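Please read the structure below before turning to the comments.
The values are calculated or read from the model by the stated rules, or taken from the named source; none is laboratory data. Because the structure is predicted, anything quoted here is derived from the model rather than measured. Cβ coordinates were reconstructed from backbone atoms using ideal geometry, including for glycine residues, and neighbour counts include every protein chain displayed. Side chains included, ligands, DNA and RNA excluded: accessible areas come from the protein's heavy atoms. Shrake-Rupley method; radii C 1.70, N 1.55, O 1.52, S 1.80 Å.
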Amino acid sequence: MATVETDDAAAGLRSQFLQVLRSRRPSEEEVEMTVKDEKRWEDDISSLLGRNNEAELLYNNVPLSVIPGKPVKDPFFQESPKPTFSEAMASCPKEDIPNFKELLQEENFYLTTEEGGQGLLPVLVLSMKESEKKRRPTIVFLHSTNKCKEWLRPLLEGYASRGYIAVAIDSRYHGERATSITTYRDSLVSSWKNGDTMPFIFDTVWDLIKLADYLTEREDVDPSKIGITGESLGGMHAWFAAFVDTRYSVVVPIIGVQGFGWAIEHDKWQARVNSIKAVFEEARADLDKSAIDKEVVQKVWDRIAPGLASQFDAPYTVPTIAPRPLLILNGGDDPRCPLGGLEIPESRTLRACKKTKCPQNFKLIAQPGIGHQMTPLMVKEASDWFDRFLKV
């Protein structure tokens, strides 16, 4: 497959990816529900928003709109026991502001990104109250598998204290968009079975395009200074959102960038597969295999995220982020993101940055001795990177 060496080629690849995203957006017919399902959604949305008629938003082909929400008192995690503390996030640099809690302002709302139940995007925004109205740098934070936007609060508060507008969302089938502890797992299996959704990475990227639409219209956001970062699954979301949408101007994927095709070719796919094993076991049974093998893995990726292990893989999409500032943070011993799969993406991205005379805009840090784990060092490196490129 040819490399992406020109702006035209990058634009063409983005266009192909958008076609894939649009291919599985729900139509009005696809979101028709039984009377029982309709009543359940009315109850769910009325409970969330305190209204009686929001369910109609799920059916109509409505433009992007903002619906007021409320703080989530009991964040929903799809893991047990629920996580309670992250040393890495707690280490996030934070300004010492005596009356910080009084000056911190919180917004909770929903964006309508498409029809259907998953088309209501929960958003949390933290920022400092300002006497002077001005446009500020903004960063979007994306959570890892089975967590939610509220989990990211230590990061949001740290960045807000330093003058950023800090934004977090619930990714597809997570947080407020989940109804049980197996919602995300079930969505992956359903995608394999029916081929009508893309819950692994791609559908959330659609939401992030819509989020960028919203952020660039806010009077307090500097549209030229919108950063994006995330951990693990959130790192993949950040990578692909930045690839397809150039409005994300500074990018820091954390333990998320990997070579999916490289992992299959070099028999290094097991750790990633085991992280969402239910869908691969379902595919193994459907394909009449005695064990999950390379063929099963390739077929699952092709089905639930078309092109993920081929034309949209890291060697082709990561370099398109250049020359925008890109910092990739990985563990040196991460089995889910093996470094061998990053050699080609790294060399091509560096070449793209040198071509535009800005080699300083790309860096890959692989922390020695670290597996699939976000560390305080990674949080500090991300913080420094954003300050370097967004506070100028």
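Would region 168-180 turn up any residue that is in contact with a Leu (Cβ under 8 Å, 6 or more places away or on another chain) and open to solvent by 40 Å² or more (accessible area, probe 1.4 Å)?
So far as region 168-180 goes, yes, one or more of its residues are in contact with a Leu (Cβ under 8 Å, 6 or more places away or on another chain) and open to solvent by 40 Å² or more (accessible area, probe 1.4 Å).
Which count do you get for residues in region 77-124 that are of a type in the set (A, V, I, L, M, F, W, C) and within 20 Å of the chain's Cα centre (by Cα)?
10
Name the single residue that is most open to solvent (accessible area, probe 1.4 Å) among those in region 97-118 being among the charged types (D, E, K, R) and touching a residue at least 12 places away in the same chain (Cβ under 8 Å). Don't jump to the end; show me each part of the working.
From region 97-118, those among the charged types (D, E, K, R) are 101-102, 106-107, 114-115; that's our starting set.
Next, from what is left, pick out any that are touching a residue at least 12 places away in the same chain (Cβ under 8 Å): 106-107, 114-115.
Values: E106: 76, E107: 52, E114: 31, E115: 14 Å².
Within region 97-118, the match that is most open to solvent (accessible area, probe 1.4 Å) is E106.
Taking region 269-296 on its own, how many of its residues are within 23 Å of I181 (Cα to Cα) and assigned to a loop (DSSP other than H, G, I, E, B)?
1
Tell me which residues, restricted to region 107-150, are within 17 Å of F200 (Cβ to Cβ), of a type outside the set (G, A, S), assigned to a loop (DSSP other than H, G, I, E, B) and touching a strand residue (DSSP E or B) at 6+ places or on another chain (Cβ under 8 Å).
H143
Taking the conditions exactly as written (β-branched (V, I, T), farther than 25 Å from L188 by Cβ and at pLDDT 95 or above), does I276 satisfy them or not?
Against the criterion (β-branched (V, I, T), farther than 25 Å from L188 by Cβ and at pLDDT 95 or above), I276 does not qualify.
Tally time: how many residues in region 181-196 are touching a Lys or Arg at 6+ places or on another chain (Cβ under 6 Å) and surrounded by 22 or more Cβ atoms within 10 Å (Cβ to Cβ)?
0
Tally time: how many residues in region 38-96 are modelled with pLDDT under 50 and assigned to a helix (DSSP H, G or I)?
17
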